[in-house]
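Inspection log for the structure reproduced underneath, given as structure tokens.
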Amino acid sequence: MKYVHRQIEPCLKKTIKSFPCLAVTGSRQSGKSTLLINTLRGYNYITLDEPLTRQRALSDPRLFLDTAGEKVIIDEIQWAPHLMSYIKMRVDEHRDKMGAYVFTGSQQFTMIKNLSDSLAGRIALLDLLPFSVVEKKSSIPLPSTKEAFVHAALRTSYPEPALNSHIDLSIWAGAYVQTYLERDVRSLHNIGNLSNFQHFLQLLASRCSQILNMSQFANDLGVSVPTIKSWLSILEAGRIIYLLPPYYVNLGKRITKSPKIYFLDIGLVCYLTGIRDRDHLLKGPLAGSLFENFCISETIKLFFNAGRRLNLYYLRTNNNLEVDLLIEESFETIMPVEIKLSQTPNMRMGSNIARFKALFPKLKIHDGRILCLAEKSIPLARDISAVTLEDYLKQVAKSGAL
């Protein structure tokens, strides 16, 4: 299968020149190893998934590193965490040598902590998420926002099923979820009942794009709120979900404090909620929520691929003012975005953005965007436009947020 260039490549190449070590983490099957092999030419690639190689690393770490080469990619580093102390000594002996060791692994729950503790100040961390729409378009014809949405929902954005239409998505997604549960979640301590956790994952999918109510989840599943918090942290660390925080700077107590739930791949949401065809996707009860989730996840990927901190929020006040997404370009400088599953945008769709500007005049609020299924971007009012996903992502990339 032809390699699809990833948007994170420039950031990766720049970062590796500034640190002795680099770790690329992310969800399973997001393409981490493929990215590194194709981007870092001249590096020796070693995977600790191979039992004999792993045994060599465990039994004689010094010899393992001696034979690994001067520049090496070590995949699935979590299988030999004790290597970190030996790598630290080698790095400290040659602090001017950048990019010598590159690590990757899917079980980042403990992996990131081990790397950060052992190589503090010596390592940079990057996250690779599944394909963005921009990355897909280099191999797949996606002529409109609607087609990009449908493809992400029914084929996922994970490289293998996204590029290979012969793969049965239900079988692939079922195996993916089971592998995630068995290899990643079960490896954690105090996870509790695995079937309860799987049920929680399904409930979470059915409530994507909604404000998180941990007490409701706890009641539905018969577990404690601290257990729900623990499960959410596992899903966040595994890059399965993202919790979008509320915007509250200078808005006092009028803002609700709970985050909103988004999955970083809506194909998993469709699998977990039983959505299997285009008609059900576009006309079913989750259609609007899934489109919002899709647009938010594409925005998140833009920030991750640039190696930047996510200045993304939502707004909901106690007087029923809601804005789907606020992108903070700098302190108190905001780009407001409303997300609508509609091909015929109108001025009413921007009413909440207009109210937002009127209620908070001290904020520097840029022109609003209505992100929708329109075939082309068009102005709706003097300071509000309906935009396609392609144009929206270009505008965010050029903004002060990135």
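Please treat every number below as a calculation from the coordinates, not as lab data. Just so it is clear, the structure is predicted and the values come from calculations on it, not from any experiment. Using ideal geometry, Cβ is built from the backbone for each residue, glycine included, and neighbour counts are taken over all protein chains shown.
A few remarks follow.
- Two-site label geometry, residue 62 and residue 175: point separation in nm, points 7 Å out along Cα→Cβ: 4.3 nm
- Eligible lysines near residue 398 by straight Cα distance, threshold 17 Å, same-chain separation 8 or greater: 301
- Per the Cα gyration tensor, region 336-385 maps to an equivalent ellipsoid with semi-axes of 21, 10, 9 Å, ordered largest to smallest.
- Summing +1 for each Lys or Arg and -1 for each Asp or Glu among the other residues whose beta-carbon sits under 10 angstrom from that of residue 322 gives 0.
- For the peptides 18-25, 261-268, residues were scored by their other Cβ atoms within 10 Å and the scores averaged per peptide; the highest-first order is 261-268, 18-25.
- The order of the peptides 220-230, 302-312 by mean Cβ neighbours within 10 Å, most packed first, is 302-312, 220-230.
- Inter-probe distance in nm under a simple model that places probes 7 Å from Cα toward Cβ, at residue 13 and residue 355: 4.8 nm
- Over region 276-381, the reciprocal of the mean inverse Cα-Cα separation, the Kirkwood hydrodynamic radius, stands at 15.0 Å.
- DSSP-defined antiparallel bridges as percent of all bridges, the chain, nearest 5: 40 percent
- Across the chain, Cα pairs under 8 Å and at least six residues apart give a relative contact order of 14 percent.
- For region 133-295, the dipole from Cβ point charges (+1 on Lys and Arg, -1 on Asp and Glu) about the Cα centre works out to 520 debye, to the nearest 20.
- Other residues within the sphere of radius under 14 Å centred on the Cβ of residue 22, judged by their own Cβ, net out at +4 (K and R +1, D and E -1).
- Estimated FRET transfer efficiency when R0 is 35 angstrom, pair residue 95-residue 214 (beta carbons, to 0.05): 0.20
- Mean ellipticity per residue at 222 nm, deg cm²/dmol - from DSSP H runs of n ≥ 4 across the chain, formula -39500 (n - 2.57): -12500 deg cm²/dmol
- The chain - Kirkwood radius from inverse mean 1/r over Cα pairs (Å): 22.6 Å
- Lysine pair count for region 62-173 (Cα-Cα distance under 29 Å; residues 8 or more apart in sequence or on different chains): 8.
- Summarising the label geometry, the points placed 7 Å from Cα in the beta-carbon direction at residue 85 and residue 332 lie 5.2 nm from one another.
- The chain - charge dipole about Cα centre, Lys and Arg +1 at Cβ, Asp and Glu -1, debye rounded to 20: 840 debye
- Computed over region 9-127, relative contact order equals 42 percent, with contacts defined as Cα pairs under 8 Å that lie 6+ residues apart.
- Nearest-0.05 FRET efficiency for residue 182 and residue 120, computed from C-beta distance (R0 41 Å): 0.85
- 13 Å Cα-Cα reach of residue 394 towards aspartates and glutamates, excluding residues that sit fewer than 8 places from it in its own chain: 298
- Rel. contact order, % - alpha carbon contacts under 8 angstrom, at least six apart, region 329-402: 33 percent
- Descending principal axes extents, region 133-295, alpha-carbon based, whole Å: 44, 42, 26
- Once the Cα-Cα distance is subtracted from the 0.36 nm per residue extended length, the residue 1 to residue 378 segment shows a gain of 131.9 nm.
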